[in-house]
Amino acid sequence: MGDKSFKVISDEKSRVREIIKELEAEFQVNSPPRDHPFLTLVRTVLSQNTNSRNTERAYDNLTSEYTSPKDFAEADIEELENLIRPAGLYRSKARTLRKLGRIIIDEHEGYLKEVLKKSQNKARKELLEMPGVGPKSADCVLLFACGRDVLPVDTHISRTTKRLGFADLDDDPEEVKEKLEPLVPKGERGKIHLLLIELGREYCKALAPVCGECPINNLCPQKGKRY
DNA sequence: CTCCGGCGAG
DNA sequence: CTCGCTGGAG
């Protein structure tokens, strides 16, 4: 007896493929190749636990005056704080950004690119050793600054993945990643990352999900359980 | 585990 | 008013 409230696809890999296909028809998520690795890292730090609008404001303020690792390494903390305030968590982020600038200058010849040239595992390990850089941020840099096939797991990814039934409610981001990644075709991890974020922002929202309008509600076990 | 935090939606 | 936002550190 299958659950007729949603399209039953026994193979979860097939269901993921269907979901990607439907979401691609709904959203265009051509991620612009970000050529500047250090600014990619800066943007990622600003985005931590911060919505995209506020991230964008802070990033625009900041990059009108600071662009190179040297700029950040020599920055006045209070000035950094003022520029990035819209992002929230601005005191810790300002200190993180200055430390990151100094690390790039002192330990990597002034270029984050020197770290990213290494093998993916090595690069990830070194990113994780940097202040203010955890799993999600490290993966974002690997994805957006050097096009690696990785799947950064943020709150949107966690929430949508759990609601879609690919992970359990109490799974932490690492567990979500371990369960979702094997279901995603090679080379499509960055794509599904962006697609699930859009899904989370537009439909599968934390507070008031709009399942009735969701483009993949026929592929979701929550169909009929939420309004 | 708690803390950091401006900001907008509901 | 509360909640959550492309989290990470102590």
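Assorted remarks:
- Rounded to the nearest 500, the helix-only mean residue ellipticity at 222 nm of chain A stands at -16500 deg cm²/dmol, with each DSSP H run of n ≥ 4 adding -39,500 (n - 2.57).
- Area of A:R148 that stays accessible when all protein chains are in place (1.4 Å probe, Å², to 10): 70
- Other-chain or far-sequence residues with amide H under 5 Å of A:K223's (modelled H): none
- In the frame of its principal axes, region A:40-181 has Cα extents of 47, 34, 20 Å, reported largest first.
- Relative to the longest principal axis of the Cα atoms of chain A, the long axis of helix A:135-146 lies at roughly 80 degrees.
- Counting only protein heavy atoms and a 1.4 Å probe, chain A has 53 square angstrom of accessible area per residue.
The values are calculated or read from the model by the stated rules, or taken from the named source; none is laboratory data. Quick caveat: nothing in here was measured; it's all calculated off a predicted structure. The protein model used for the area step is the full one, side chains on, heavy atoms only, and it has no ligands, DNA or RNA in it. Shrake-Rupley method; radii C 1.70, N 1.55, O 1.52, S 1.80 Å.
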